[in-house]
Each structure stands twice: as structure tokens, then as C-alpha cells.
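What follows is one structure encoded as C-alpha cells, with my remarks underneath.
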Amino acid sequence: DGSKLADIENYVRANYIPPKKELFGIAQNKNVILISMESVQNFVINAKVNDEEITPFLNEFIEDSFYFDHFYHQTGQGKTSDSEFIVDNSLYPLSRGAVFFTHSANEYHAIPEVLDNHGYYTASLHANNKSFWNRDIMYKSLGYDRFFSYSDYEISKENSVGWGLKDIDFFQQSVQHLKDVPKPFYAKFITLTNHFPFELDEQDRYVKPFTSNDKTVNQYFLTVRYLDEALKTFINELKSVGLYENSIIILYGDHYGISENHNKAMEEFLAEDITPYVSTQLQRVPLIVHIPGMKGHTLSSIGGQIDLKPTILHLLGIETKADMQFGSDLFSQERMDIAVLRDGSFITKDYLFTRNTCYSSKTGEQVEKALCNPYLEKAKTELGYSDQIIYGDLLRFYGQPLRTN
Ligand code: GP9
Ligand code: MN
């Protein structure tokens, strides 16, 4: 196992990308508010249904945030839990099953553990049963100080829909929890209302449903719009309790909401054919990084959830040179534009590879497969190394990285 680890370590070291100097430490000691937006795909941003904006609040919030519009989810069967795993560890999830269940006893060097060593209090907030996705167990391995779950919320028939507590109520009650936790904190909020099958009460509908023969797709826009409203109320609450100005706020979509079973209605909505190329592009989820006092920009770096750990740590002024990670700082100009998806698909500036076919990123035309080969090699290597780390629990043998700051 030691020699395996050495190979992996060499690969990770060779692929380390230093941070962008001007942004390194820009949010030092600020609170970190991470928001997992259930099932939100990027195609809803700045888009309309029945002539109304689907995400009016986010469209506005993006204007004074960094918005990454070529950011991909990299989840597998572990869905939300996979996204949490990727973000906190900069490791890929597994190709089958949920690593939250299968490898919860492993040694990890996740963000909460790293931030613990820098004086942060760390919490996850999610109004579902604590054992769902084995979170109560896995969060201990990841180093969370506190998990605010089902029993920490007042949940009734009136304030619930679909999977549970409505997002607006979730955020309102969560702010009360936040007021009491030590500062600075790293707090992750996991939303729920925009979850398949996208149920919503009449009074919570801010737009009219889409009009295809597919009820799932029709309703999706309603719950996305509701989530957008919930985010607006959350940001306002943060302002009113004085937490907005000293926090960086990071929002990301956890995974797709509309599966390929709904391609027909999606083709109607997008007014284009859903080829494998388009299908892969639909795996983009929004990533929005709000840093108080900084102007907004839309950035088109190609990346994925795996890149969030180094991105966040660098903003906080924490070096990641010694970390076992497969992502790189999304703000760094030196990084390579690439997103590797869990099924082996990948996207670069020039090529998109999926289902054993190579496409031009720009035109969507099929191109000679050999053009994709160099990246294909990289994608396979990374997924394989990440799997080896998880299956072999290799971080056991990897000492606490030396931290000089
Ligand atoms: C459940 C929530 C949704 O607690 O995270 O899970 P999902 O089905 O999206 O993985
Ligand atoms: Mn989810």
C-alpha cells in the first residue's frame, strides 16, 4: 500500500496548482456558508419559463458574485452525499454505491478537519433524519463538530412538503442555530424542497408550470423557483442578524434534477435535440461564490465539485500544497480547464468525451477519438487513484500535512 500511495502522491504533487496571489487569504477568518442547492442544474440560470425568470434572485446575486458557468457535478449513485463527499475531500465518489455508506470508517482529511485546526467551528444543517445517507456516522469521520438534523427543527404538516421541511422554513430556523454557534464557522446548508418528484403547495408557486406531457419536468421549474425565493429570504436574514458581511457564501447545485428519462420534455424546453454531447453539458450545475466587497464576474473556467476544496481553502489563506487532492483552485490562471465526471466522461476547452465518443467542445460535432486520448488517460488515472485511496483507506498512511501558516 505504501508504494501505491507514493505513485498517487507523485501524481497529486505534479498536478498541484498554486493559488492566485491576489485572492489567497482574501477571506481569512471569515465565516463560510456553503449552500447545497438540491437538484439545481445550470440551465435554469437566466432562463425563463412561461416568460418568467426561474431564478430571479440568483440572477441578481450572480451580478455581485463570482459565477462559474462551466462547472460540473461529479456525483454517482450517492447523489447528495456524493456531492458532499467530493466538496469536502477533493476526492471522487465511487462508481457504484455511496461512499458515505461503504467507507465511513476511513481516514479523511476533509475541510472540517482542516478548518478545525484553524480555529473554525464546523456544522452541517439539514432537516432530514440524521442517519439518511449515513450522515451521522460519516460526518464524524469528516470532522464536523455538529450536525443540525431533523430533531433540531420544528417540523409540522403545515411547514412540510414532499421530502420534508420546506426550504424557507429550513433557512429561517437555521439562522437561529447559526446565531448561537462559535465564530468563525464553516456551515453547510442542504436544501430539500427541489427534490424529485418536485411537489409544491399551491401557495408556494411563484411561476406557472411548464406545459409538456411530462409532469416531472413541468413541476421542476416551480420548485426551483421556490428554492430561489428561499435563498432570497436566507440572504436577507443573514443581513438582518449581521452575518452577511463577515461571511463568504458559496452556492452549488448538488447533481442533476432531470434525468435522461425526461429528454423529450427537455428537448421541448431547450428547443434543441439532446445528443450525448448536450446531455453531458446538461450536467453543469451553478457555482456561485460571493465574497463581501468584491465585484462580480462570470468565469468560464471548466471545473467541478472536486475543485471546491482547494478553492475554498485558498480563499481562507490556507495552503493545500501538501494535500491529497484531485481538484485545483478554480481562480488560478495556471490550472487546466477540465472536469472529469464519475462515468468517465470529461470536458475540456477543446473536447468533450462521453460514451466512448469524442466531440468538439465548441461545435458539438463528433471528432476523431484519438484527439481525446491524452485527456482520457488523465481522467482514467485520476478516477483510478481516487478509488485506490478510498478502497485502500490510504489516507491512514498519509500523515497530517505540514502546515506552516
Ligand atoms: C436527503 C437529501 C436528498 O437527505 O440529501 O438526497 P438525494 O436523493 O438528492 O441524494
Ligand atoms: Mn440531492
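Taking the criterion of being surrounded by fewer than 21 Cβ atoms within 10 Å (Cβ to Cβ) and either within 16 Å of ligand 2 (Cβ to nearest atom) or farther than 24 Å from SER259 by Cβ (or both), the residues of region 42-65 that qualify are ASP51, GLU52, GLU53, PRO56, PHE57, ASN59, GLU60, PHE61, GLU63, ASP64.
Of all residues in region 311-330, those satisfying the criterion of being farther than 18 Å from TYR385 by Cα and either among the aliphatic types (A, V, I, L, M) or within 15 Å of the chain's Cα centre (by Cα) (or both) are THR311, ILE312, LEU313, LEU315, LEU316, ILE318, ASP329, LEU330. Can you find a residue that is surrounded by 24 or more Cβ atoms within 10 Å (Cβ to Cβ), within 21 Å of PHE148 (Cα to Cα), within 16 Å of ligand 2 (Cβ to nearest atom) and modelled with pLDDT of 95 or more anywhere in region 72-79? Yes, that holds for at least one residue. Figure legend. Inter-residue proximity from region 66-83: first residues on the phi > 0 side of the Ramachandran plot and touching a residue at least 24 places away in the same chain (Cβ under 8 Å), second residues within 14 Å of ligand 1 (Cβ to nearest atom) and assigned to a loop (DSSP other than H, G, I, E, B), beta-carbon distance below 8 Å, spacing 6+ or different chains. Indicated pairs: LYS79/ALA98; LYS79/ASP254; LYS79/HIS255.
Condition check ((1) in a loop (DSSP other than H, G, I, E, B); (2) charged (D, E, K, R); (3) surrounded by fewer than 16 Cβ atoms within 10 Å (Cβ to Cβ); (4) in contact (Cβ under 8 Å) with a residue 40 or more places away in the chain) across all residues:
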| residue | (1), (2), (3), (4) |
| --- | --- |
| ASN261 | no, no, yes, no |
| ASP273 | yes, yes, yes, no |
| GLY293 | yes, no, yes, no |
| ILE306 | no, no, no, yes |
| ILE312 | no, no, no, yes |
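Looking only at residues of region 200-255 that are among the polar types (S, T, N, Q) and in a loop (DSSP other than H, G, I, E, B), we find that the one that is farthest from ligand 2 (Cβ to nearest atom) is ASN246.
Of the residues examined, GLY293 is one that is of a type in the set (Gly, Ala, Ser), modelled with pLDDT under 95 and more than 21 Å from GLU84 (Cα to Cα).
Here SER83 fits the description: under 22 Å from PHE221 (Cβ atoms), under 18 Å from the mean Cα position of the chain (by Cα) and of a type in the set (Gly, Ala, Ser). Here region 194-229 is the region considered, the condition is being among the β-branched types (Val, Ile, Thr) and more than 16 Å from ligand 1 (Cβ to nearest atom), and the residue that is farthest from ILE168 (Cα to Cα) is THR211. When VAL40 is tested against (1) in contact (Cβ under 8 Å) with a residue 60 or more places away in the chain; (2) of a type outside the set (Ser, Thr, Tyr); (3) more than 16 Å from ligand 1 (Cβ to nearest atom), exactly one condition is not met: (3).
A single member of LEU299, LEU330 is surrounded by fewer than 20 Cβ atoms within 10 Å (Cβ to Cβ) and in contact with a Leu (Cβ under 8 Å, 6 or more places away or on another chain), and it is LEU299.
For region 137-172, taking the residues that are surrounded by fewer than 19 Cβ atoms within 10 Å (Cβ to Cβ) and polar (S, T, N, Q), the one that is nearest to the chain's Cα centre (by Cα) is identified as SER141. Looking across region 125-136, the residues that are among the polar types (S, T, N, Q) and buried (at least 16 other Cβ atoms within 10 Å of the Cβ) come down to ASN128, ASN134.
ALA265 fulfils the conditions (1) small (Gly, Ala, Ser); (2) buried (at least 23 other Cβ atoms within 10 Å of the Cβ); (3) in a helix (DSSP H, G or I) except for a single criterion, (2). SER3 meets the stated requirement of being of a type outside the set (Val, Ile, Thr), over 20 Å from LEU251 (Cα atoms) and either touching a residue at least 12 places away in the same chain (Cβ under 8 Å) or out of contact with any Cys (no Cβ under 7 Å at 6 or more places or on another chain) (or both).
Criterion first (surrounded by 15 or more Cβ atoms within 10 Å (Cβ to Cβ), within 30 Å of ASN29 (Cα to Cα) and in contact (Cβ under 8 Å) with a residue 12 or more places away in the chain) does PHE353 satisfy it? Criteria not met by PHE353. On inspection, ILE258 does not qualify as closer than 25 Å to GLY304 by Cα, more than 16 Å from ligand 2 (Cβ to nearest atom) and either modelled with pLDDT of 95 or more or among the polar types (S, T, N, Q) (or both).
The values are calculated or read from the model by the stated rules, or taken from the named source; none is laboratory data. All values reported here derive from a predicted model rather than from experimental measurement. As a convention, Cβ positions derive from the backbone with ideal geometry for all residues, glycine included, and neighbour counts pool all protein chains shown.
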